[in-house]
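The structure under discussion appears below in the form of structure tokens.
The values are calculated or read from the model by the stated rules, or taken from the named source; none is laboratory data. Everything numeric in this text was worked out from a predicted model, so none of it was measured. FYI the Cβ positions are ideal-geometry reconstructions off the backbone, even for glycines, and counts take in every protein chain you see. What goes into the accessible areas is simple: the full protein's heavy atoms, side chains included, and nothing from ligands, DNA or RNA. Shrake-Rupley method; radii C 1.70, N 1.55, O 1.52, S 1.80 Å.
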Amino acid sequence: MMKDAAAPTLSAPLRILLVCLSIALTTGAPSLAAAQAQEQESQAGDNRTDAALPLHQLADLLENDEARAQIVTQLRDAAASRRGDAPPAPALSEETAGAATAAAAEEPQQPSFARRLAATTAGWAEVIGAQMTALGDLARATFDQDRGTGLQFDRRTFVAALTTFALVAAATIAAYLALRLLAVPLFAAVGRFSARAESGFGVVIRRGTAVILALAVDVGVVLLAYGAGYFVALFVVGSEGTMGTRESLLINAFALVELTKVAIRTVFSARHENLRLINVSTPIAIWWSTRLSWFVSVIGYGVMVLVPIVNVQISPFAGALTRFLIMGAAYVYALAVIFRNRSLFSARIENLAENATAALFGVLFRLMARLWVLLAVAYFTTLFVLSQLDPAAALPFMLSATLQTLLTAAIGFGLSGLLSTVIGKRITFSEDIRARLPMLEARVNAYVPNALKFIRMVILVIATLVIVDAWQLFDLGAWLASDIGLQTASTLTRVALIVLVAAMLWIVAASLIEHRLNPNTGGGRPSARQETLLELFRNALAIVIVTMTAMIVLSQIGVNIGPLIAGAGVLGLAIGFGAQKLVQDIITGVFIQLENAMNTGDVVTVGGITGTAERLSIRSVGIRDLDGAYHIVPFSAADTVTNYMREFAFFRTEYGIAYREDIDNAIHHLREAFAELKQDSNVSENIIEDMTVPGVTALADSSVNIRIMIKTKPGTQWGVGRAFNRLVKMHFDRAGIEIPFPHQTLYFGEDREGKAPPANVRVLATDQT
């Protein structure tokens, strides 16, 4: 008291400022200090009335320079007197003030990590200290009988309040039970509707619809019972349409608790297996549903109904003690359940991982099997700590975060499961489309599942971010509103669209090329040149699309592609000088294709190799020779390309007859052989024109050579020639025309006397008839 008397007297402007500051500080004080403020409120009521001046007067005072300077001076004098009459700090000169301002401006705006950690720790310590101090004050005020603030009990008031409270509670619970009884047939019908689902995608649709219907019915029952409770409290028990605070607390707590239990029943559905969201057995569902429901009921009704009533009817200290006992008992029970069943739960989650339909879910379940104990302990520890530090906001925060987590997890895993079901199914097209585009089905089944897997991953990432935001570990809204959040989301969206457009472009272009290559569609069977060029164009288009997509994606994520393009140019120039042979192969191959020198299936001679061209690339040709050997000939070695498959061909050969034979007679029989050749159905379709006989080409040593030429379709000249040689031999033999062949003289040698040994030759008699 003497220290207060020695304090300097404050002027009216300073008192106004201090009153405003005290109002602001009182507004932000902890909830446990509210009772102490109410106790002091009656003693300081008169002074508060005198000091509570309009705020606009404070604004006028602060706008006046002289009044503001006077307030600052008086505040410094008051502070100096409280420190032991220390002299006020000397006023700073303009130069000193300017230097201090400049130094303060040069200081970093963002404090260091150590400073932020120290500030956070100090803040929590101050909060806990303030709560403990306020709790001690409340305890002293509760049991301080000398000050008239001790425990007081009015029996008549208590009985009346208890009767009213019991009537409202009984009416609300009775309405709820009656509505639940009426809703039993609806739940059974919805369960039967879900049970009729067949395998495949229909199960997801039908069961999802059934779960939503059951949830709507369950929520409707709670809301109707909630309304019935309010009706009884207002018009049956209450007077003139009003209701007491206790009854309002009960009805509101009933709504929140029962809606939370609705969420529990939706997840486990102990009575209807076909409406259960998770794949567990009925005994396990009943075990979880029962314990979680009791846990929510005890905490909800205890903290939201019992604790406020104890605060008002007994004392705030008793209310705080009641809340501590309720939450402490719930916390200990939760930890006991967790550690008693940790092995069992881990084994069941591992079983879910083994039976998971998608590999991703298997990984998530195995991770959950190892982390669920830590997550559960962290959850209940957070609930207990928050209930003691911030009782008013603890349950709403935990309820909101839990519901948001469950809803997000249900939606995320539901969509992911739906996508997993779609990914596992093969996309099929009609017979007509498969006939026109044979590769389209395989191409779509290669791209669509990968795209759906990416979408599933994005959904899981978004669900994780929403869950983290629900627990205020990460401010998703602020991050999305920030520049980096907007830029990241925009970049990811653009990249996804670019990749999607590139994939669609490739599918359309490849399908069009495939349509043109298909002999059953388009303009019929393409020529060999068209087939080769279209295949080369498809390969080149794939390279261009991949390169351009990669460049655009890199530019969208912030990579400067200018140096990449310049580096690619320099690298290309270096490769051009260092790999001149490769460049020559490519350039020569381009011109060979443009000039239509050869196509796949042609019989060609390239680089001294003759055979069928089986594969053409931009750099080389693959040739299969007559022996079956496969040769890869680079185009740089193709000085001359000989193609035997252009427009038409000639079977050109020469037949030799003996000098004693008649040439015209031989030519006559050659024409007869050709006439018979044209009668052969296997060969005649390949002959374009009649045989040409240029005449005698040479009078050789032992034969007279006659040349003939037969014009055929390209590639058939060898088969036509073989068939004609057979007929010529047959016709010459029948006509007795001699085909000369080399003669050989046998020499038996001589003995020392110059005589040849006898040759034992026996001539067999021949039948001359």
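Restricting attention to region 439-462, which residues are open to solvent by 70 Å² or more (accessible area, probe 1.4 Å) and either over 29 Å from Leu492 (Cβ atoms) or acidic (Asp, Glu) (or both)? Once the filter is applied, which keeps residues that are open to solvent by 70 Å² or more (accessible area, probe 1.4 Å) and either over 29 Å from Leu492 (Cβ atoms) or acidic (Asp, Glu) (or both), region 439-462 yields only Met439. Looking only at region 317-325, decide whether some residue is among the charged types (D, E, K, R), within 30 Å of Phe361 (Cα to Cα) and buried (at least 20 other Cβ atoms within 10 Å of the Cβ). No, every residue in region 317-325 fails to be among the charged types (D, E, K, R), within 30 Å of Phe361 (Cα to Cα) and buried (at least 20 other Cβ atoms within 10 Å of the Cβ).
Against the definition (part of a helix (DSSP H, G or I) and more than 14 Å from Thr464 (Cα to Cα)), how does Thr402 come out, yes or no? Taking the combined requirement at face value, the residue does not satisfy it. With respect to the stated conditions, Ala502 fails to be surrounded by fewer than 11 Cβ atoms within 10 Å (Cβ to Cβ) and at pLDDT 70 or above. Of all residues in region 427-474, those satisfying the criterion of being small (Gly, Ala, Ser), more than 30 Å from Ala394 (Cα to Cα) and in contact (Cβ under 8 Å) with a residue 12 or more places away in the chain are Ala435, Ala451. Close contacts from region 324-351, counting a first residue that is farther than 18 Å from Met368 by Cβ and free of Cβ contacts under 8 Å to residues at least 60 places away in the same chain and a second that is in a helix (DSSP H, G or I) and open to solvent by less than 30 Å² (accessible area, probe 1.4 Å), with Cβ to Cβ under 6 Å and a gap of 6+ residues or different chains, come to Ile326/Gly302; Ala330/Ile299. Might you check whether a residue that is under 30 Å from Glu738 (Cβ atoms) and basic (Lys, Arg) occurs anywhere in region 657-675? Among the residues of region 657-675, at least one is under 30 Å from Glu738 (Cβ atoms) and basic (Lys, Arg), which makes the answer yes. In region 534-576, the residue that is most open to solvent (accessible area, probe 1.4 Å) out of those that are over 17 Å from Ala496 (Cβ atoms) and among the polar types (S, T, N, Q) is Asn560.
Every listed requirement among (1) without any contact (Cβ under 8 Å) to a residue 60 or more places away in the chain; (2) in contact with a helix residue (DSSP H, G or I) (Cβ under 8 Å, 6 or more places away or on another chain) is met by Thr260 save one, (1).
Does Glu647 fit the bill of being of a type in the set (Asp, Glu), touching a residue at least 24 places away in the same chain (Cβ under 8 Å) and open to solvent by 80 Å² or more (accessible area, probe 1.4 Å)? Yes; evaluated as a whole, the condition is true for this residue. Does any residue of region 376-386 turn out to be part of a helix (DSSP H, G or I) and either within 23 Å of Ser281 (Cβ to Cβ) or basic (Lys, Arg) (or both)? Yes; the residues of region 376-386 include at least one that is part of a helix (DSSP H, G or I) and either within 23 Å of Ser281 (Cβ to Cβ) or basic (Lys, Arg) (or both).
Would you call Ala566 out of contact with any strand residue (DSSP E or B) (no Cβ under 9 Å at 6 or more places or on another chain), assigned to a helix (DSSP H, G or I), hydrophobic (A, V, I, L, M, F, W, C) and modelled with pLDDT of 75 or more? Against the criterion (out of contact with any strand residue (DSSP E or B) (no Cβ under 9 Å at 6 or more places or on another chain), assigned to a helix (DSSP H, G or I), hydrophobic (A, V, I, L, M, F, W, C) and modelled with pLDDT of 75 or more), Ala566 qualifies. Residues in region 700-729 that are open to solvent by 70 Å² or more (accessible area, probe 1.4 Å) and over 29 Å from Asn643 (Cα atoms): Asp701, Ser702, Lys729.
Restricting the first member to region 718-730 and to residues that are touching a residue at least 40 places away in the same chain (Cβ under 8 Å), and the second to residues that are surrounded by fewer than 13 Cβ atoms within 10 Å (Cβ to Cβ), the beta-carbon pairs closer than 9 Å and six or more apart or on different chains are Ala723/Asn682.
Scanning region 509-528 for residues that are in contact with a helix residue (DSSP H, G or I) (Cβ under 7 Å, 6 or more places away or on another chain), modelled with pLDDT under 70 and either more than 21 Å from Met598 (Cβ to Cβ) or β-branched (Val, Ile, Thr) (or both) yields Asn520, Thr521, Gly522.
Listed by first and then second residue, the pairs with beta-carbon distance under 7 Å, at least 6 apart or on different chains, first residue in region 216-237 and touching a residue at least 40 places away in the same chain (Cβ under 8 Å), second surrounded by 15 or more Cβ atoms within 10 Å (Cβ to Cβ) and among the polar types (S, T, N, Q), are Ala225/Thr172; Ala228/Thr172; Gly229/Thr172; Val237/Thr164. Checking Phe591 against (1) farther than 30 Å from Val693 by Cβ; (2) of a type in the set (A, V, I, L, M, F, W, C); (3) part of a loop (DSSP other than H, G, I, E, B): exactly one of these is not met. Which one? Going through the list (1) farther than 30 Å from Val693 by Cβ; (2) of a type in the set (A, V, I, L, M, F, W, C); (3) part of a loop (DSSP other than H, G, I, E, B), Phe591 breaks only (3).
A quick yes/no check of all residues on (1) under 24 Å from Leu335 (Cα atoms); (2) surrounded by 15 or more Cβ atoms within 10 Å (Cβ to Cβ); (3) touching a helix residue (DSSP H, G or I) at 6+ places or on another chain (Cβ under 6 Å):
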residue: Thr382; (1), (2), (3): yes, yes, no
residue: Ser387; (1), (2), (3): yes, yes, yes
residue: Ile411; (1), (2), (3): no, no, no
residue: Gly414; (1), (2), (3): no, yes, no
residue: Leu419; (1), (2), (3): no, yes, yes
residue: Ser430; (1), (2), (3): no, no, no
residue: Gly485; (1), (2), (3): no, yes, yes
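A single member of Asp469, Asp475 is surrounded by 16 or more Cβ atoms within 10 Å (Cβ to Cβ) and under 21 Å from Tyr379 (Cα atoms), and it is Asp469.
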